[in-house]
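**Q** One structure follows; several queries about it will come next.
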Amino acid sequence: MSQKPRKLQRVSKACDFCNKRSIKCGKSDDPLGRCQNCADFDVPCTFDRPAKRRGVKAGTRAPTREPALVRTPGSDHVLPGSHAPPVTGRTSDSSGSRSSYYPGSTHRPSLTGDPWSTFNVGGVAAEGYDDDGALRNSWNAFAIASDRQIRNLVQVYFEIVYPIFPLFHKHTFIERVHNQEHLRDPGLFASTMAVCALVSGRARDGALFTNRWHRDELAEPPSEAFYAAAKDSIPRDLAAAKGINYMRACAILAIASIQNGQIKNMQKYSGMYHTLTSMEGLHDEKLWPKGLSPIETEERRRLFWSIYTLDIYSTIVWGGVIRYREAHSLVRYPSEVDDEFITLHGYGLPPVSPSSGVMSPGDVTVFSRQPVAWLRGWNFTTDLYRMLEHVVDGNRRRFSSANGTSQVWSLFTPASMSEPAVMERVLSMYAALPPQFKETPPTTGDMAKDLFGFQSANIQATLQLLRMVLLSAEELGVDRKCDVAGELLSVFSNVPVEYLKAISSPLLHHLSGIGYILGSVMEGSLSEASYQRVRTLLLEMADLLGRLETGLQRASGASARLRSQVDRIDGYMRSSRRPIAGPHPPLHQNSLPKTELPMPSGPYIPRSGHGPPVGPPTAMGEQLMQFQLPPELLSDWPWPLDGTHSEGFMPLAFE
């Protein structure tokens, strides 16, 4: 008879570090005799806490399930006592690596719980703050071990994130990180870890476009580890989170949440950012601390307007309210001066008015034309988002009567302008821009040049977003919708893919607006010609998605799913004996043959008519024959067709 295997015994007492975090205390091969977690975090492994007897004290009753009642002082009212909920593990759809975070280590922390909180369980360490000193030391040890990677990620930030979100003065931030000031400044530590989380996530999703970096080299530690470090470094009591760095940390965590498809986390950290900015008075320069240096002033201006645009964007895509409005904000635009000319003591080159080309250093007026700064295009994009704020207001007012209140806005606001009238004004502003912002050449790896390409790509994307939101308030026919979708696709298709990948996940929501427009066409009455035209546009969109999804996880498989959808509809058309367009490449091919289109020197201007139908010509009688696709063919359309339950104009894509 075989001997019964001996039952494994667990460690009878956890060390102080593991006990504080309610995590498993396991043995290791550490020469100092530390447990695995203490060795990984490089902290002493102690057993100094007083021993406590287990079980219920003699003479006391076991606690019941009803919450205790607490009597408020000076009142006869009783309130249920608060009880902490049990700590439970949560799941997440993030897929970050879980390998060793330390060079030469063959182990990893033996932890469970939320993957976003890699080094705590269920938020215990992050929320408790009864041992914040040890927690800070633990993350400092993590940062010291990851110093080389942090420096690399900070460098990559200025290549793929900074052109759209220039939240730091380049030379100052790099120098502070190299001097390891983030290990001594908790606010700077939080914002630095947030930067690493965002950059690591975008690098993982294929945003790198130079030969200086490789995705595998930036994969460890994973984005989730830096995200957890930034989250744990923000005080639970936001009143203690003072200074611009905590505001920046919350803002960057919101952007990183979009990158990883964590929209509730995006709303959470956006809300924390707006709470901090309200307490700090970021919306009014008169409330800023006295004696700010030019660098600090410019960083605050860039932060405010960067997250203003993010707020408008998130309202359009996911609904909600706009927290800060331009009429309530007394913050200047960032000076159109490159970082290298902004110092602690002043501006090396005074900003020049683009219209006059005149600068006045001291008492001498000098007529000189400075080189155009890339921030000129960045500020123009902010202008577009300020217009979007008012367009969103106009669209929301169409539904304001549904809340049962009387209309008062009509007493103060003139009638809204039509899409052609608004776009005519916008295009005249666009025409006044320097030519650097109207062309999007391929990336070069020289950031002095690529910064302008980023601004051009971002301007094009924002112009198309403005058009889509304007058109959402108008009743459009099938041909007009196809015109708009085709023009939008042409703009994105002609932007070098490196810029699109660097913009990363937010770009998918621009594309979801196009998918929503085409879906509304497919849902309505179609003719043979209109179906063939939509079909061609869908395959062009699949081609664009195929170029993007090579690294972008959230777009993975979207191209194949869209082609599969077209195949199913084609099958229905064949069974109904309806002519369809010619064959398209099989699903295993990554892209369609690219149609050569001229590089647009500016945004597409709405046409009075519509283009010729794509596909074989059909007789006039056939064009007049209308049909409707069965609803089951569109049941798994990648973009929700029913927009009545979403405040956002563009439903969330690829969920």
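The values are calculated or read from the model by the stated rules, or taken from the named source; none is laboratory data. Because the structure is a prediction, the values reported are computed rather than measured. We place every Cβ from the backbone using ideal geometry, glycine too, and count neighbours over all the protein chains shown.
**Q** So residue 210 ticks every box in (1) among the hydroxyl-bearing types (Ser, Thr, Tyr); (2) modelled with pLDDT of 95 or more; (3) outside any helix (DSSP H, G or I) but one. Which box is left unticked?
**A** So residue 210 meets the others, but not (2).
**Q** Which number in (1) of a type outside the set (Val, Ile, Thr); (2) under 19 Å from the mean Cα position of the chain (by Cα); (3) within 21 Å of residue 209 (Cβ to Cβ) marks the one condition that residue 456 misses?
**A** All conditions pass for residue 456, except number (2).
**Q** Specify the residue that is surrounded by the most Cβ atoms within 10 Å (Cβ to Cβ); the eligible residues are those in the range 227-258 that are closer than 19 Å to residue 502 by Cβ and touching a residue at least 24 places away in the same chain (Cβ under 8 Å).
**A** That would be 252.
**Q** Just for the range 322-346: of the residues that are buried (at least 16 other Cβ atoms within 10 Å of the Cβ) and in contact with a strand residue (DSSP E or B) (Cβ under 9 Å, 6 or more places away or on another chain), which one is farthest from residue 310 (Cα to Cα)?
**A** Looking at the filtered set, the residue picked out is 341.
**Q** Please work out which residue is surrounded by the fewest Cβ atoms within 10 Å (Cβ to Cβ), limiting yourself to the range 213-226 and to residues that are assigned to a loop (DSSP other than H, G, I, E, B) and among the hydrophobic types (A, V, I, L, M, F, W, C).
**A** Looking at residues that are assigned to a loop (DSSP other than H, G, I, E, B) and among the hydrophobic types (A, V, I, L, M, F, W, C), I get 219.
**Q** In the range 252-298, how many are closer than 24 Å to residue 316 by Cβ and in contact with a strand residue (DSSP E or B) (Cβ under 8 Å, 6 or more places away or on another chain)?
**A** 1
**Q** Working only within the range 283-309, note down all residues that are outside any helix (DSSP H, G or I), farther than 21 Å from residue 253 by Cβ and touching a residue at least 24 places away in the same chain (Cβ under 8 Å).
**A** Correct list: 284, 293.
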